[in-house]
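Comments concern the structure below.
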């Protein structure tokens, strides 16, 4: 069976500074992989490279999503192919209501895939249904995207986007950042509802805490822009107890 995601010897730089130094990663369909590591190890850079963020230049390597060349796609094509990035700090979009944004995103993706657009009543029904499961107040859907939202509200709104767009690969970049324990549980529940045999996830985090709620199949340790160790979920507990110092030396 072809893996959902294959990353081969990926190198990338930002403003001339090398960040990724030969990342190799294979993720099967239905798998959840956690990426842990210290600040500056390249975790978020990998997420941005996968999503096609400008100014992140790939200098070598290959990325395949379901066998298709991701690096040859524009960001909107990557989204239509099923890639979703949940940002550590979701951006605010003043003047655009959350409901309008969600309707536009859903139908833009469907159009890119050659599917019929959803009617406004159909969008409203789906959004309200998913929002209810995430404990999102209907009033929040009328507010501008992320404007004045708390950290927990921003992460819930982003989890709502992910639920509605139904991606094949979810990349969660430090989703636990800025969340109290109650908000973390709600967001984790929303993410766990999306787990399926056809959908895979990359969970990027510093801390083992998140992995108590989104339990990974595989844990990878990043240091100096590459994977330096891979193991089961127990590896996260080891990192929590011992820290990253040994891996910094190993990558040097």
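The values are calculated or read from the model by the stated rules, or taken from the named source; none is laboratory data. As the structure is a computational prediction, the values presented were derived from the model and not from experiment. Note that each Cβ is placed from the backbone with ideal geometry, even for glycine, and that neighbours are counted across all protein chains shown.
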Query raised in the report: Does any residue in the stretch 120-134 that is assigned to a helix (DSSP H, G or I) come within less than 8 Å, Cβ to Cβ, of a residue that is surrounded by 14 or more Cβ atoms within 10 Å (Cβ to Cβ) and at pLDDT below 90 six or more places away or on a different chain, and which pairs are these?
Result: 133/190
**Report entry** Subset of the stretch 91-107 (residues that are farther than 24 Å from residue 5 by Cα and out of contact with any strand residue (DSSP E or B) (no Cβ under 7 Å at 6 or more places or on another chain))
**Finding:** 91, 99, 100, 102, 103, 104, 107
Query raised in the report: Restricting the search to the stretch 1-31, which residues are out of contact with any helix residue (DSSP H, G or I) (no Cβ under 9 Å at 6 or more places or on another chain), within 20 Å of residue 234 (Cα to Cα), touching a residue at least 60 places away in the same chain (Cβ under 8 Å) and outside any loop (DSSP other than H, G, I, E, B)?
Result: 27
Query raised in the report: Got a sec? Which of 8, 17 is farther than 21 Å from residue 165 by Cβ and touching a strand residue (DSSP E or B) at 6+ places or on another chain (Cβ under 7 Å)?
Result: 8
Query raised in the report: Somewhere in the stretch 112-134, is a residue out of contact with any strand residue (DSSP E or B) (no Cβ under 7 Å at 6 or more places or on another chain) and under 23 Å from residue 212 (Cα atoms)?
Result: yes
Query raised in the report: Taking the condition crowded, with 16+ Cβ neighbours inside 10 Å, touching a helix residue (DSSP H, G or I) at 6+ places or on another chain (Cβ under 6 Å) and part of a helix (DSSP H, G or I), does residue 50 pass?
Result: no
Report task. Have a look at 184, 164 and point out the one that is modelled with pLDDT under 90, more than 20 Å from residue 221 (Cα to Cα) and out of contact with any strand residue (DSSP E or B) (no Cβ under 6 Å at 6 or more places or on another chain). Result -> 184
**Report entry** Residues of the stretch 141-156 satisfying the condition of being part of a helix (DSSP H, G or I) and either surrounded by fewer than 18 Cβ atoms within 10 Å (Cβ to Cβ) or at pLDDT below 90 (or both)
**Finding:** 142, 151, 152, 153, 154, 155, 156
Report task. Being more than 16 Å from the chain's Cα centre (by Cα) and surrounded by 15 or more Cβ atoms within 10 Å (Cβ to Cβ) is the filter; apply it to the stretch 7-17 and report the residue that is nearest to residue 218 (Cα to Cα). Result -> 10
Query raised in the report: Restricting attention to the stretch 71-84, does a residue exist that is closer than 30 Å to residue 235 by Cα, over 18 Å from the mean Cα position of the chain (by Cα) and in a strand (DSSP E or B)?
Result: no
Query raised in the report: Any residue in the stretch 213-223 that is at pLDDT below 90, farther than 26 Å from residue 78 by Cβ, touching a strand residue (DSSP E or B) at 6+ places or on another chain (Cβ under 9 Å) and surrounded by 15 or more Cβ atoms within 10 Å (Cβ to Cβ)?
Result: no
Query raised in the report: Is one or more of the residues making up the stretch 195-214 in a loop (DSSP other than H, G, I, E, B), more than 18 Å from residue 30 (Cβ to Cβ) and out of contact with any helix residue (DSSP H, G or I) (no Cβ under 6 Å at 6 or more places or on another chain)?
Result: yes
